[in-house]
Amino acid sequence: MPQIHLRAEAGDYAPAVLLPGDPNRATWIAGKFDGGLSAARQVNDHRGLLGFTGTYKGVPISVQTSGMGAPSMSIVAEELLRLGAERLIRVGTCGGIGRGIKTGEIIIASSATPVDGATRTYLHGDAYAPTADFGLVRSLVDEAARHGQAPHVGQVATVDVFYNPDTDYFSKWRSRGVLAFEMETSVLYYLAARAHAAGAKAAAATILTVSDILSEEATSEESYLPLDELNRSIERTIEIALEAGIAAS
Ligand code: HPA
């Protein structure tokens, strides 16, 4: 049955779905499918949430725009899981806060602290640690190594406010071991875990490019990677995510 935002049928999405926030990146990813963009099938365009299905190295794969922020991701992940998606891999960017983390590096989120409101709405105040699927994390780490990359693997925090004015915001989460801020992963991990617990074959993981460094000295605007460098780094994470998506098939 078509969903309210993803106007697609069960079977329109492959078991593995890459989830960029940005529709332009969804189109970019679909261009890497076998035969390029023209061979990919567009399965959604409602609200600009572009989704495509095709194959990569002969294996079925989809890409679906998540939009920005946990509320948008929660809608997209809920509907993808209802449509039968099994492996959800977010491909995105993050603001690095961990010691020694540099722009252009890769972070694979083994867990995502839910600082966002959407995950906390689902949890009704219960303590909970949104956690990635270990098999998908392992595939992402293995594929990153095959691409000559040594990703940071650890905890991110999912936040609602990109331009947060609080002066202790970065140091507080840095001192708790958080590597980076981003805006979608905690609710993705929660919803995949909930679906898995209900008997579905659902798994999720997130791979991120560090687009900016957040510190008391510099804001995201000051530290944001130049676009060409950012795109080169994102390209690497897309290739790694595509390989991990088909690896577990
Ligand atoms: N904060 C939150 N989310 C982000 C950032 C950031 O600095 N950069 C990319 N995603």
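The values are calculated or read from the model by the stated rules, or taken from the named source; none is laboratory data. Here the structure is a predicted model, which is why all the values come from computation and not from measurement. Counting neighbours? That spans all protein chains shown, and the Cβs are built from the backbone with ideal geometry, glycine included. Calculation scope for accessible area: heavy atoms of the full protein, side chains included, ligands and nucleic acids excluded. Shrake-Rupley method; radii C 1.70, N 1.55, O 1.52, S 1.80 Å.
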Worksheet item: So, with +1 on the Cβ of K and R and -1 on the Cβ of D and E, and no other charges, what is the size of the charge dipole of the chain about its Cα centre, to the nearest 20 debye?
Response: 640
Discussion item. In whole Hz and in residue order, list the ³J(HN,Hα) couplings for segment 110-126 that follow from phi through the Karplus curve 6.51 cos²θ - 1.76 cosθ + 1.60, θ = phi - 60°; x for Gly and Pro.
Written reply: 6, 8, 9, 4, x, 7, 7, x, 5, 4, 5, 5, 4, 8, 6, x, 5
Discussion item. Using each residue's phi in segment 219-231, evaluate 6.51 cos²θ - 1.76 cosθ + 1.60 at θ = phi - 60° and report the 3J(HN,Hα) Karplus result to the nearest Hz, with x for Gly and Pro.
Written reply: 8, 4, 4, 5, 9, 4, 4, x, 4, 5, 5, 4, 5
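Run the numbers for F162 and E229: contour at 0.36 nm per residue of separation, minus the present Cα-Cα distance, in nm. Let's see the in-between values first.
Numbers: separation 67, 0.36 × 67 = 24.12 nm, distance 2.10 nm.
Length gained between F162 and E229: 22.0 nm.
Could you give the longest part of the chain that holds none of the GluC sites (Glu not before Pro) found in DSSP loops with at most 14 neighbouring Cβ atoms within 10 Å? Write out the running numbers ahead of the final one.
Working: sites that count: E9, E216, E217.
Counting at most 14 other Cβ atoms within 10 Å as exposed, the longest clean stretch of the chain is 10-215.
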Practice prompt. Could you please state, rounded to a whole Å, how far the C-alpha centre of segment 161-191 is from the C-alpha centre of segment 54-103?
Written response: 17
Response to the item:
Checked segment 136-200 against the a/c 1.5 cut and the a/b vs b/c comparison, axes a ≥ b ≥ c from its Cα gyration tensor; verdict oblate
Worksheet, complete the sentence: Given pairs K32/K201; K102/K201; K57/K201 and cut-off 30 Å on Cα-Cα distance, the over-length ones are K102/K201
Response to the item:
Checking V63, V43, V187 against a Gaussian network model of the chain (alpha-carbon springs below 10 Å), the top fluctuating residue turns out to be V43
Discussion item. Can you list residues from other chains, or at least 5 along the same chain, whose modelled amide H is less than 5 Å from the amide H of T93?
Written reply: T209
Discussion item. Cut-off 10 angstrom, C-alpha nodes, Gaussian network model of the chain. Which of H152, H124, H46 fluctuates the most?
Written reply: H124
Worksheet, complete the sentence: With the charge dipole of the chain built from beta-carbon charges (+1 for Lys and Arg, -1 for Asp and Glu) about the Cα centre, the Cα from I240, W28, T167 projecting farthest to the positive end belongs to I240
Item to complete: Quick one: angle between helix 134-146 and the longest Cα principal axis of the chain, in degrees between 0 and 90, rounded to 10, please.
Response: 80
Worksheet entry | Exposure ranking of R82, R138 by accessible area [1.4 Å probe, largest first] | R82, R138
Discussion item. Please list, ordered by chain and number, the residues whose modelled amide H lies under 5 Å from the amide H of T55; skip anything fewer than 5 residues away on the same chain.
Written reply: D34, I61
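Roughly how many percent of the accessible protein surface of segment 16-247 is carbon and sulfur, given a 1.4 Å probe and a whole-percent answer?
On the way: 5110 of 9750 Å².
Of all accessible area on segment 16-247, carbon and sulfur atoms account for 52 percent.
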Practice prompt. Leaving out ligands and nucleic acids, note down the accessible area per residue over the chain with a 1.4 angstrom probe, in whole Å².
Written response: 43
